[in-house]
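For reference, the structure is listed below as structure tokens.
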Amino acid sequence: MDATLAGRARLLKLNELEEWRERAYENAVLYKARTKRYHDAKLVPKEFHEGQLVLLFNSRFKLFPGKLKSKWSGPFIVKEVFPHGAVEIFKLGEENQSFKVNGQRLKVYRGGELVRHNVALFFQDP
């Protein structure tokens, strides 16, 4: 066994391993770029204007019958649209009680009756 031959073989293996890592990094970068391009193509921008009816997503809804109750509340009316996505909305008939929300929590209300299911839980004493 020659120590110099073993050292050279070890350096060759380390260089080969480094090349594999570099290729894997480049492939990961390409994959992420392709995936981002695919998902960005599917995005639909939301544009709101004054007087439009919208629904508000209630992200804090944590009650037990969550499967049966809609997480969207409203409809609300858009009072003002601010830059950077903020929207001021108010409830029908309550113009003086407006509040600002992030535009990502809103979606356009297309009309019709909003179906809400009420669930009553009855417990029997054993």
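Of Arg105, Arg21, which has the most accessible area with a 1.4 Å probe, and how do the rest follow in descending order?
Working: Arg105 80, Arg21 140 Å².
Listed by decreasing accessible area, they come as Arg21, Arg105.
Using the Karplus equation 6.51 cos²θ - 1.76 cosθ + 1.60 (θ = phi - 60°), what ³J(HN,Hα) coupling, rounded to whole Hz, does each residue of the range 98-105 give in order, writing x for Gly and Pro?
Each residue of the range 98-105 in turn: 8, 8, 9, 9, 6, x, 6, 8 Hz.
Provide Thr35, Thr4 ordered by accessible surface of protein heavy atoms (probe 1.4 Å), highest first.
Values: Thr35 45, Thr4 80 Å².
Ranking Thr35, Thr4 by accessible area, largest first, yields Thr4, Thr35.
Quick check: net charge around His84, other residues with Cβ under 15 Å of its Cβ, Lys/Arg +1 and Asp/Glu -1? All intermediate terms of the calculation are to be shown ahead of the outcome.
Working: positive: Lys46, Lys100, Arg105; negative: Glu47, Glu80, Glu88.
Local net charge: 0.
Using protein chains only and a probe of 1.4 angstrom, how many square angstrom of Tyr38 are accessible, to the nearest 10?
About 130 Å², ignoring ligands and nucleic acids.
With the crude spin-label approximation of a point 7 Å out along Cα→Cβ, what separation in nm comes out for Glu19 versus Gln124?
The two pseudo-label positions are separated by 7.6 nm.
Taking a 1.4 Å probe, which of Ile89, Ile77 shows the most accessible area, and what order do the others take after it?
Working: Ile89 0, Ile77 35 Å².
Correct descending sequence by accessible area is Ile77, Ile89.
The values are calculated or read from the model by the stated rules, or taken from the named source; none is laboratory data. If you're wondering where the values come from, they're calculated on a predicted model, not measured in any experiment. No Cβ is skipped: glycine too gets one built from the backbone with ideal geometry, and neighbour counts run over all protein chains shown. We work out accessible area using only protein heavy atoms, side chains counted, and drop any ligands, DNA or RNA first. Shrake-Rupley method; radii C 1.70, N 1.55, O 1.52, S 1.80 Å.
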